[in-house]
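The values are calculated or read from the model by the stated rules, or taken from the named source; none is laboratory data. Since this is a predicted model, take the numbers as computed values, not measurements. Virtual Cβ from ideal backbone geometry, glycine too; neighbours counted across all protein chains shown. Quick note on the areas: whole protein, heavy atoms, side chains included, nothing else; ligands and nucleic acids left out. Shrake-Rupley method; radii C 1.70, N 1.55, O 1.52, S 1.80 Å.
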Amino acid sequence: MTSSITETAVANLDATKNKTRVRPKSLKRTLLMWLLFLPLVFVVIVPIIYMVSMAFTLESNQLNFPIEWIPQPPTLSNFTHIFADTTLPIVRWFANSLIVSIVGTLFIVFLSTLSGYAFARLEFPFKNLLFSLLIFSLMIPAAITLIPVFLLLRDFTLLNTYQAIWLPAAASVLGIFLMRQHFYAIPAEIEDAARIDGAGRFRIYWQICLPMVRGSMVAIFIFSFLLLWNDLFWPLIVLSERSMLTLPVGLLVIQQGSYIQRGLAFAGAFIASVPVLIFYAIFQRKIIAGIVTTGMAGQ
Amino acid sequence: MTTYRASMDDKVRPVSANRKRLRKQLPNYLFVIPHYLFFAVFLLYPIFRGIQISLYDWKIMLQDQKFIGLANYQALTKDMIFRETLGNTVYFTVLTVGINVVLALLVATALKQNFRGSHFLRVLFYAPAILSVSVLGIIGIRIWDTQLGIVNYFLTTLLGLPRISWLGNPSLVIPSLALTTVWWTFGFPMLVFLAGLQSIPEALYEAAKIDGAGRLQTFRHITIPLIMPTMLFVVVTQFISHMQVFAQPYIITAGGPGNASRTAVMYLYETAWKFFRFGYASAISVVLAGIMIIVTIFLFSVLRSRVEY
């Protein structure tokens, strides 16, 4: 029941677009709604504008009050400082973040399709037990696994490596529920036809079924990538070598540096968030649909 | 007939046929084993291992750990800092989840209306959630700063009010952090509510209109009951994620003033990775997990009973 709610709900997220053409929007309502939303728009936008503005403000002007929303003069010095400082290898951090996020995400997507397919379409002993364990793990808060996983990685001498991030990430179960739902939706006749043509189970999975759930794969990719890219807590625990840090941990190093470097912190925040925000602005429809479908898969 | 499909008839078969079926099914394990290896090592085993470690006086450098039974838990019951951090966490969670749910539902209800720019607003309101919590922290420090902060800037210049020490005041620090978190996270519940609202059949609203129901009545008697399954999902997931709050206080206030904004997971982090008391930290995590599971079950039973299908 819940799965059907999720699906129709997500389909509906885009449906407004079509409705618009049928029923013209009234100008009065548009004005009223914008007036209503103006305070919220203001609250959402101002901190982001502030971050951008401070990133281009001289270190010596960082403490000016009242706030200079447009930097006087605008400067790139925070950026040149950050790139020149070898103790703050922000390019390396950016690359680290990109590597662990992409590798982790590819593992999650691939493993979710494999397992999701098996739990939806295949039969094998103890299938229900194995699936129940996945559901069980969803109910256990992550806090309890932190220390054991940390000790495990230490014993494998994997602290301060990329594996320390993506290995635990690959255990993620959320994608499996989504993939399972969507594999269920594929009509059995399609598989039967392929089987009669002599296709084996791996070929049916790879060549017939996988292309039909491409949308869900994109959804899981987006969801997992953002989760890994933005995560602070786990990298903070398992990464301590400066050259291995991910961007969110690196930002803390800049921000909590031995000398005050407010401008640098904002420049770092700018570097960490603006590419993601631009990416979000371009692919917003896909990203929002991906986040809602995947986020609700546990329902 | 092929036997590895899920739609098998479950008639009793002779032993040889069973064995044959099993042999045909065995390769299916190849689909689940890759993920299950990761799952077993990094999720399932650690859950039980965490409980086990909590029974030891676990020191990171030792070869042989000392078993102390429930001593860690006994110490926890007398640990005033733990009690304080737990209280802070619950306070923070109630505020954040409460504001998030109300705000998200109101915004979603309004955005469901069809007007020019409603899609743009949806995209805009989710945008903060795209930011890393580190970025949130860097901005958050300056939002609430007493001398230079954005909030005090508007209070003093626009409203002519005196400056408020948001993060220095023990009774304001948690609400400030909660509001920061709402700014960052309310987009997701909003999108989920929006999806839930749009799955309510339009015919119901039209029927109510014909019957002469006002806007508030419609909201109260149609929207609220039909949104309950979504509400349950949102409240439970929000509760679970905000009970484990760490980064916002860690970056913005470092737990201060005093312990006024130290949270349970912060205390867990410091116990384990500052003082290397892994056994005690594990006990903290088990108690926290236990509380969360109990409350989740409670939420399910309370909200389920109000769900009308």
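Cβ-Cβ distance of A:Phe202 and A:Phe94, R₀ of 45 Å, FRET efficiency by 1/(1 + (r/R0)^6): the value works out to about 0.75.
Per residue of chain B, what 222 nm ellipticity follows from adding -39500 (n - 2.57) for every DSSP H run with n ≥ 4, rounded to the nearest 500? Write down the numbers at each step before the final one.
On the way: 16 runs with 202 residues, N = 309.
It comes out at -20500 deg cm²/dmol, rounded to the nearest 500.
With 30 Å² as the minimum drop in accessible area between chain alone and full protein complex (1.4 Å probe), the qualifying residues in region A:220-246 are A:Asn230, A:Leu232, A:Phe233, A:Leu236, A:Ile237. Restricting region A:86-140 to chymotrypsin sites (Phe, Trp or Tyr not before Pro) that sit in a DSSP loop and have at most 15 other Cβ atoms within 10 Å of their own Cβ leaves A:Phe126.
Per residue of B:264-273, other chain Cβ atoms within 10 Å of the residue Cβ number 3 on average. Once both labels are positioned 7 Å from their Cα atoms along Cα-to-Cβ, the gap between A:Phe83 and A:Ser240 label points is 3.3 nm. B:Val235 contributes an accessible area of around 20 Å² to the protein surface, as traced by a 1.4 Å probe with all chains present.
Computed in the context of the full set of protein chains, the accessible area of chain B at 1.4 Å probe radius has 67% of its extent on carbon or sulfur.
Determine, from the Cβ-Cβ distance of B:Gln52 and B:Asp211 and an R0 of 56 Å, the FRET efficiency 1/(1 + (r/R0)^6), rounded to the nearest 0.05.
Numbers: r = 61 Å, r/R0 = 1.09.
For R0 = 56 Å, the calculated efficiency reads 0.40.
Under 11 Å from a label point set 7 Å out along the Cα-to-Cβ vector of A:Leu138, the amide N atoms of region A:159-203 belong to A:173-181. Dipole magnitude for chain A: computed about the Cα centre from +1 point charges on Lys and Arg Cβ and -1 point charges on Asp and Glu Cβ, it is near 960 debye. For region A:90-295, a Kirkwood radius taken over Cα pairs fed into Stokes-Einstein (25 °C, viscosity 0.890 mPa s) yields D = 129 µm²/s. For region A:144-161, putting each phi into the Karplus relation 6.51 cos²θ - 1.76 cosθ + 1.60 with θ = phi - 60° gives couplings of 6, 8, 4, 5, x, 5, 4, 5, 4, 5, 5, 5, 7, 6, 10, 5, 6, 10 Hz, in residue order, rounded to whole numbers and with x for Gly and Pro. Working note: Debye formula, equal point scatterers on the alpha-carbon atoms of region B:10-80, no solvent; log10 I(q)/I(0) at q = 0.12 Å⁻¹ is -0.62. Per-residue 3J(HN,Hα) values for region B:169-177, derived from phi via the Karplus relation 6.51 cos²θ - 1.76 cosθ + 1.60 with θ = phi - 60°, read 9, x, 8, 9, 5, 5, x, 4, 5 Hz in sequence order (x marks Gly and Pro). Placing +1 on the Cβ of every Lys and Arg and -1 on the Cβ of every Asp and Glu, with nothing else charged, gives the protein assembly as shown a dipole about its Cα centre of roughly 1280 debye. Computed over the alpha-carbon pairs of region B:227-302, the distance histogram in 5 Å steps reads 3, 15, 20, 19, 17, 12, 8, 4, 1, 0 percent, short to long. In terms of Cα atoms, the Rg and Dmax of region A:27-104 work out to 18.8, 57 Å. Based on DSSP H segments of at least four residues, each scored -39500 (n - 2.57), chain A has a per-residue ellipticity at 222 nm of -22500 deg cm²/dmol.
The modelled label-to-label distance between A:Asn61 and A:Ile282, using points 7 Å beyond Cα along the C-beta direction, is 3.1 nm.
Over all alpha-carbon pairs in region B:26-142, figure out the percentage whose distance exceeds 19 Å.
Details: 5137 of 6786 pairs.
For region B:26-142, the fraction of Cα-Cα distances above 19 Å is 76 percent.
What is the projected area of the convex hull of the Cα atoms of region B:162-249, averaged over all directions, in nm²?
Values: hull surface 33.5 nm².
So the Cα hull casts an average projection of 8.4 nm².
Across all Cα atoms of region A:118-224, the radius of gyration (one decimal) and Dmax (whole number) stand at 17.5, 51 Å.
Using a 1.4 angstrom probe on heavy atoms only, work out the carbon and sulfur share of the accessible area of chain A in %. Percent of accessible area from carbon and sulfur atoms in chain A: 69. Solvent exposure of region B:13-88, expressed per residue, is 62 Å² of accessible area, with all protein chains present and a 1.4 angstrom probe. Protection proxy ranking, highest mean first, for peptides B:47-60, B:74-87: B:47-60, B:74-87, where packing is the per-residue count of other beta-carbon atoms within 10 Å, averaged. Note on A:Ile70 and A:Leu35: the model spin-label points, each 7 Å out from Cα along the C-beta direction, lie 2.9 nm apart.
Put the Cα centre of region B:223-287 next to the Cα centre of region B:54-89 and the gap is 17 Å. Compared with the dominant Cα axis of chain A, that is its longest principal axis, helix A:214-230 is turned about 30°. Distance between the C-alpha centers of region A:136-183 and region B:18-36? Whole Å please. Between the Cα centre of region A:136-183 and that of region B:18-36, the gap is 24 Å.
In Å², nearest 100, what accessible area do chains B and A bury in total when the solvent probe is 1.4 Å?
Details: alone 19150 and 18420 Å², together 27490 Å².
Buried: approximately 10100 Å² between A and B.
For the protein assembly as shown, how big is the tail of P(r) above 49 Å, as a whole percent of Cα pairs?
Working: 26994 of 184528 pairs.
So the pairs more than 49 Å apart make up 15 percent of the total in the protein assembly as shown.
Which Cα, out of A:Pro235, A:Leu111, A:Val213, lies furthest along the positive dipole direction of region A:90-295 (beta carbon charges, K/R +1, D/E -1)? So the residue furthest toward the plus end is A:Pro235. Set the Cα radius of gyration of region A:58-140 against 2.2 N^0.38 Å, with N its number of residues, and you get 2.10.
Averaging Cα coordinates gives a centre for region B:130-188 and one for region A:201-236; these two points are 35 Å apart. Translational diffusion of region B:73-304, estimated by Stokes-Einstein from the Kirkwood radius over alpha carbon pairs at 4 °C in a medium of 1.567 mPa s, is 66 µm² per second.
What FRET efficiency comes out for B:Tyr91 versus B:Tyr29 if R0 is 41 angstrom and r is the Cβ-Cβ distance? Round to the nearest 0.05. Mind dumping the intermediate values first?
Details: r = 47 Å, r/R0 = 1.16.
Result of the calculation: an efficiency of 0.30.
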